1. Quick one: length gained pulling V101 to D83 fully straight, 0.36 nm per residue minus the C-alpha distance?
2. With a probe of 1.4 Å, find how much accessible area region 89-221 has per residue, and write the answer as a whole number in Å².
3. For labels at R209 and Y250 in the simple 7 Å Cα→Cβ model, what's the distance in nm?
4. Hey, with R₀ at 22 Å, roughly what FRET efficiency would K137 and C187 work out to, going by the Cβ-Cβ distance, to 0.05?
5. When Lys and Arg each count +1 and Asp and Glu each count -1, what net charge do the other residues less than 13 Å away from S212, Cβ to Cβ, add up to?
6. Cα atoms only: what Rg and Dmax, in Å, come out for region 175-225?
7. After finding the eigenvalues of the alpha carbon gyration tensor for region 119-187, what semi-axes result from the square roots of 5 times each, listed largest first in whole Å?
8. Mind ordering 147-159, 128-140 by average Cβ neighbours within 10 Å, highest first?
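The values are calculated or read from the model by the stated rules, or taken from the named source; none is laboratory data. Because the structure is a prediction, the values reported are computed rather than measured. Because the Cβ atoms are built from the backbone with ideal geometry, glycine has one as well, and the counts that use them run over all protein chains shown. With ligands, DNA and RNA removed, areas are computed over all heavy atoms of the protein, side chains included. Shrake-Rupley method; radii C 1.70, N 1.55, O 1.52, S 1.80 Å.
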Amino acid sequence: LLASSAASDVYKRQVYNRAVDMGLAPYIPRQFKNVFTGRHTNHQRALKKEEIRLALLERVETENDNLPSESETAAPCTLRDLDWARACLELMLRFHGIPFVDLAHLRKVDLRNGYLTIRRHKTGMPLSIAVDAAAMKLLRRYASDDPSSPYLLNILNGRLSGKEAYKDYQQALRMLNLQLYRLSRACRLGKRLSSYTARHSWATIAKSRGISVEVISEALGHASISTTEGYLKQFDNDEIEKANRVIINYIFKK
């Protein structure tokens, strides 16, 4: 019954998002914030260390057969190529596996003294993330070039609001998934990359490296009355940073 209810809620959210895109419904921020739309864990979304390194570091040649055209995504193509998708994937991995929605909405004021201090877009849970040298290099490479934009990265148009801002994000998300799909094809990974890949990979690798579920939950910014909130005061930021360093070193250090 719970699974059936969750599937129904997911369908409702999909219909609502499509209606907003078509201009048939008003955009209401966090319309489904209190609705459970979870899914059973899909381990196929997670990459192993070797697959991550292949996707991020190997030179690849893209294949264009049977792929959707960039025009079908309606997203601007500026800087949104395979290198851009790789950068997004790497940043999401380095930043505790944050979702693309949080990466895209990072603000310039969030970055201070080598740390990102943010609240999860979905749950409102606070996160403090140490920015290492490699991540800082990527942030600078893909920094917003609009002085008036509040956003840290050149992903969203900072001049938009309401429904137009929502559509702008959806376009960027579609472009990311398109490029990640192309990347997975080019790397012959045998599994489809998506905007969820970094999050599932970070959590799966963290568990395999012996990091406690409680620290993983807090690092991911999960909010649960029965589980997560009971541990929030038991783990300080140093432990979360240590957990993230273990994972990043495991992935990227030879």
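1. Gain in length upon complete extension: 4.6 nm.
2. Roughly 43 Å² per residue, with all protein chains present.
3. That separation, rounded to one decimal, is 0.6 nm.
4. The value I calculate is 0.50.
5. Around S212, the charge tally is 0.
6. Calculated on Cα positions, Rg and Dmax stand at 13.8, 42 Å.
7. They are 21, 19, 15 Å, listed largest first.
8. The densest-packed peptide leads the list: 147-159, 128-140.
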